[in-house]
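Report on the structure given below.
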Amino acid sequence: MPIRKYLKNCFLLLIPILLWNILLVDYLPKAYSPDFFWKDIPGYIGITENILRIVVMGMPLIMFLSIKTATQKRGLLIYLIGVMLYFLSWIVMILIPESSWSQSAAGFMAPAYTTIIWFIGIALIGSASYFKISNLTFIYMGVSLLFVIFHTLHTYVVFQRL
């Protein structure tokens, strides 16, 4: 079996997001810096968030990247819209951190909650796996939703400290 089959997985969709995060995290306001962002976060939030982060970032490794069906094509559109909104949420925080949007709870937490959009896109694109997993799309959506809830809750705790 050619190795290309295993390289064509949905983790490829996470690479632009991971690169964006790595390259631009230092330009975000201080509240997003790891020292501030993780300070005094309740254990149940931080531990649950990190476990779910591992799952939502790891699962795409076993999900086929295919854009053949109508659902997968809709998934790609949702993914692209989600990535654009996610990137836009960062751009606003970087370029105009003192704006009323950036200073609001909704604006400050946007980089956390907008992730659900591209996660849904990935779930729709990667509906099949290298393993027989029934309802993979819904499982990934569910785990993603739980992650986004805890990630957004974490961000809200940080926002309350500002």
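Overview of values
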read-out	value
Long-range amide H partners of residue 9 with built H, under 5 Å	65
Hz values of 3J(HN,Hα) by residue in segment 58-66 - Karplus curve (6.51, -1.76, 1.60), Gly and Pro given as x	x, 4, x, 5, 9, 9, 4, 8, 9
Residues with amide H under 5 Å from that of residue 128, placed H, sequence gap 5 or more	64
All-pairs Cα distance distribution in segment 69-117, expressed in whole percent, bin size 5 Å	5, 24, 24, 18, 11, 9, 6, 3, 1
Sites matching trypsin sites (Lys or Arg not before Pro) across segment 48-105 that sit in DSSP coil, with at most 15 neighbouring C-beta atoms within 10 Å	68
FRET E, pair residue 30, residue 76, Förster distance 30 Å, beta-carbon r, rounded to 0.05	0.25
Integer Hz, Karplus 6.51/-1.76/1.60 couplings in order for segment 81-92, x for Gly and Pro	5, x, 5, 4, 5, 4, 4, 4, 4, 5, 4, 4
Exposed chymotrypsin sites (Phe, Trp or Tyr not before Pro) absent - longest run of the chain, DSSP non-H/G/I/E/B, at most 13 other C-beta within 10 Å	39-129
Three semi-axes of the equivalent ellipsoid, segment 4-161, Cα gyration tensor, whole Å, largest first	29, 17, 13
Under Karplus coefficients 6.51, -1.76 and 1.60, residue-wise ³J(HN,Hα) of segment 26-39 in Hz, glycine/proline x	6, 8, 6, x, 3, 4, 8, 5, x, 4, 7, 5, 9, 5
Folded to 0 to 90 degrees: helix 15-24 orientation relative to the chain principal axis, Cα	20 degrees
Total lysine pairs under 19 Å (Cα atoms) in the chain, excluding pairs fewer than 8 apart on one chain	6
Net lengthening on full extension, residue 135/residue 66 (0.36 nm per residue, minus Cα-Cα)	23.2 nm
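Just so you know, all these numbers are worked out from the coordinates, no wet-lab data involved. In this text, all values refer to a predicted model and were calculated from it rather than measured experimentally. A quick note on method: Cβ atoms are made from the backbone with ideal geometry, for glycine too, and the neighbour counts reach across all protein chains shown.
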